[in-house]
Amino acid sequence: MSTKASRAAARLMISPSVILLLGWMLIPLGMTLYFSVLRFNLLMPGDNPFVGFENYRYFLTDPGFTAAIWNTLALVLGVLVITIFGGILLALLLDQPMFGQGIVRILVIAPFFVMPTVSALVWKNMFLNPVNGLFAHLFTALGLQPYDFLSQAPLASIIGIVAWQWLPFATLILLTALQSLDSEQLEAAEMDGATPLSRFWYIMLPHLARAITVVILIQTIFLLSVFAEILVTTNGGPGYASTNLTYLIYVQSLLQYDVGMGSAGGVVAIILANIVAIFLMRMIGKNLEA
Amino acid sequence: MARAVTTQRKALNTVIAWGVGILIFFPILWTILTSFKTEAEAIADPPLWFNFHWTLENYVTVQERSNYFRHFWNSVVISVGSTLIGLAIAVPAAWAMAFVPGKRTKDVLMWMLSTKMLPPVGVLVPLYLIFRNLGLLDTRTGLVFVLTMINLPIIIWMLYTYFKEIPNDILEAARMDGAGLRDEVVHVLLPMAVPGMASTVLLNIILAWNEAFWTLNLTAAKAAPLTAFIASYSSPEGLFYAKLSAASTMAIAPILIMGWFSQKQLVRGLTFGAVK
């Protein structure tokens, strides 16, 4: 049992982390909330008057906002669908006996370690470029017209790039979960004459359900904040075609210097992220008790 | 596995898996190959696979034109610095929560995690203004601070899950033998915790190295780490594929190698122990 003295020591040891994180969270958060009700533009020095919910009204009725919300949704859902389905297939594949399994696994997870700016620029120039990209070469070799991915289908291209980065993460987590499956159960099912498909559907998939949920929740948190990939490939365009919420707020606050509006957008982004976070926290909290 | 697997089936698996693996890895492979080509060879149609004049010229050019190693060094300082500072703050906290759990320990842990859920863009404006007023924009000090705070919850969580696995009996035995708190930590706990701490450090260096929101928004020419430096290739002049590839290869190589060593810990670290 812990003594009173050790408990006091424990509190002392935890406090630096708590104080730092508390400050890190509360100070900027408080400022964001405060700025969001001011008319505050860095290009127009003045006394930054209180304007109530005006910034929110402008932000929420801005045509860019509607576009950004849909793009954010499409980006998150698109990447989730690709990485979950691809991840399950890859995990099943990598779980099979084969030669050089370790090396294949290394090849598959590699994209996760590539920094976002590098993967975005490599895809943009060396693959998707309509003149010199590999896909353009491939298309002309097949007798097709080269396709300008980033201006014809900017959002889909970004979804592809981001999915390539996150596929390894989903695969790795699903593979880890798959390997914790009791193989006796599978053997018993096989002896009872269950087909591979029904083995997957009735035994593997329920076992993976938890890992899939974790992948969805964690990826969603990160995917809501995709930024660098958009910045270096399309700059959010053409128009608002590939602007997500994060990028829209960046444009308003750091390019248009509209602190008030950017802050109102920030509050909206925080609320959206929190909806996801609540579910994620509940799952992790359950695990903590077990 | 007890199930008999025919060699044929295994061979088939091998072929498919290698095919898929190489396909996924291909963009990285292509970048590495292109970095050794001349600019003209880099955009050749049909593409050149291995039959080109291998050259190191691009690596030299990238360094000469843009002082590449300055940015490389920025990345090293920022990622290693933020990880070590984070570790120094996190070890006592994780130790205390793992071995002297109180009624509210779980709540504190969950709350720390919740700070990670805050979207960075939600605090972009205030942080930018604070940095501007304190003269921290485009400084390594500023970035080390931000990245320390961003990764602190992950460090605490990972350490906590590792410390939790150390049996309490050993600590009690040490206490019985009259070991003080300091001895307990230095001679009993730390040696057992080293593998977990090493994985934590590795994963956090990777995360900090690749962080591309704050590094892009809070730095300019001086303190820019590789994430921000590479972004400057998005509006290039003239032929640049080979040079972009050389800069990219150098930027991802160290992390790729570290990442391959830490793949097991990656799952634990990024799922906060929810999947092991």
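Quick one: angle between helix B:190-210 and the longest Cα principal axis of chain B, in degrees between 0 and 90, rounded to 10, please.
40 degrees
Just counting partner chain Cβ atoms within 10 Å, what average do the residues of peptide B:54-66 show around their Cβ?
Counting other chains' Cβ atoms within 10 Å and averaging over B:54-66 gives 0.
Have a look at B:PRO46, B:PRO126, B:PRO153 and tell me which one the Gaussian network model of chain B (Cα, springs below 10 Å) gives the largest fluctuation.
Taking springs between Cα atoms under 10 Å, the residue moving most is B:PRO46.
Relative contact order for chain A using alpha-carbon pairs under 8 Å, separation at least 6, rounded to a whole percent? Could the numbers behind the result be given before it?
Numbers: 311 pairs, mean separation 83.0, N = 290.
Value for chain A: 29 percent.
Please order B:TYR160, A:TYR202 by the number of other Cβ within 10 Å, starting at the fewest.
Ranking B:TYR160, A:TYR202 by Cβ neighbours within 10 Å, fewest first, gives A:TYR202, B:TYR160.
How about A:LYS124: which aspartates and glutamates have a C-alpha closer than 13 Å to its C-alpha, ignoring those fewer than 8 places off in the same chain?
By straight Cα distance, A:LYS124 reaches A:ASP148, A:GLU229.
Which is farthest toward the positive dipole end of chain A among A:ILE271, A:LEU42, A:ALA10, measuring Cα position about the Cα centre, with Cβ charges +1 (Lys, Arg) and -1 (Asp, Glu)?
Towards the positive end, the residue furthest out is A:ALA10.
Roughly what percent of Cα-Cα pairs across segment A:108-175 reach past 20 Å?
35 percent
If Lys and Arg each add +1 and Asp and Glu each add -1, what is the summed charge of the other residues whose beta carbon sits under 15 Å from the beta carbon of B:PHE145?
Details: positive: B:ARG132, B:ARG140; negative: B:ASP138, B:GLU211.
Residues close to B:PHE145 contribute a combined charge of 0.
For segment B:7-58, I need the span (max minus min coordinate) of the C-alpha atoms along each principal axis, in Å, sorted largest to smallest.
The Cα atoms of segment B:7-58 stretch 46, 18, 15 Å along their principal axes.
Write down the Å³ per residue value for the convex hull defined by the alpha carbon atoms of segment A:53-289. Let's see the in-between values first.
Numbers: hull volume 39.5 nm³, N = 237.
Per residue, the Cα convex hull of segment A:53-289 comes to 167 Å³.
Counting Lys +1, Arg +1, Asp -1, Glu -1, what net charge surrounds A:VAL118 among other residues with beta carbon under 12 Å of its beta carbon?
It works out to a net charge of 0.
Cross-link list A:LYS286/B:LYS116; A:LYS4/A:LYS286; B:LYS37/B:LYS222: which exceed 21 angstrom alpha carbon to alpha carbon? Kindly include the intermediate steps, with their values, before the conclusion.
Working: A:LYS286/B:LYS116 18 Å; A:LYS4/A:LYS286 29 Å; B:LYS37/B:LYS222 30 Å.
Check vs 21 Å cut-off fails for A:LYS4/A:LYS286; B:LYS37/B:LYS222.
Please order B:GLU39, B:GLU211 by the number of other Cβ within 10 Å, starting at the fewest.
Working: B:GLU39 16, B:GLU211 25.
Lowest to highest Cβ neighbour count: B:GLU39, B:GLU211.
Over segment A:1-137, what number does the Rg to Rh ratio reach, with both radii from the alpha-carbon atoms and Rh per Kirkwood?
A ratio of 1.16.
Across peptide A:22-32, what mean number of C-beta atoms from other chains lies inside 10 Å of a residue's C-beta? Mind showing how you got there, number by number?
Working: counts 3, 1, 11, 7, 1, 4, 10, 5, 2, 6, 7.
The per-residue average across the peptide is 5.
Sorted from fewest to most neighbouring beta carbons within 10 Å, what does the list B:SER245, A:SER151, A:SER225 look like? List each step's numbers first, then the result.
Working: B:SER245 27, A:SER151 15, A:SER225 20.
Result, fewest neighbours first: A:SER151, A:SER225, B:SER245.
Explain nothing, just the number: relative contact order of segment A:140-290, from Cα pairs under 8 Å at least 6 residues apart, as a whole percent.
24 percent
Convex hull over the alpha-carbon atoms of the protein assembly as shown: what's its volume per residue in Å³? Write down the numbers at each step before the final one.
Numbers: hull volume 104.5 nm³, N = 566.
Dividing the Cα hull volume of the protein assembly as shown by its residue count gives 185 Å³.
With charges only on Cβ, +1 for K and R and -1 for D and E, what is the dipole size of chain B about its Cα centre, in debye, rounded to 20?
620 debye
Treating the beta-carbon of each Lys and Arg as +1 and of each Asp and Glu as -1, no other charges, what is the dipole magnitude of segment A:119-206 about its Cα centre, to the nearest 20 debye?
Value, rounded to 20: 560 debye.
Only residues of segment A:55-83 count here: report those whose backbone N is under 11 Å from the spot 7 Å along Cα→Cβ of A:ILE271, or say none.
Residues passing the 11 Å test: A:56-57, A:60.
Highest GNM mean-square fluctuation, chain A, Cα pairs closer than 10 Å: which of A:LEU248, A:LEU134, A:LEU21?
A:LEU21
Take every residue in peptide A:121-129, count the Cβ atoms of other chains within 10 Å of its Cβ, and give the average of those counts. Don't skip to the answer; put the middle values down first.
Details: counts 12, 12, 1, 3, 10, 11, 3, 0, 2.
For peptide A:121-129, the averaged partner shielding equals 6.
Tell me, how many Å apart are the Cα centres for segment A:10-77 and for segment B:47-107?
Their Cα centres are 28 Å away from one another.
If you average 1/r over every pair of different alpha-carbon atoms in segment B:68-270 and take one over that average, what Kirkwood value in Å do you get?
After inverting the pairwise mean of 1/r, the radius is 18.7 Å.
Only the coordinates and a few stated rules stand behind these numbers; no lab work does. None of the values given here were measured: they were computed from a predicted structure. Here the Cβ is made from the backbone with ideal geometry for all residues, glycine too, and neighbour counts use every protein chain on show.
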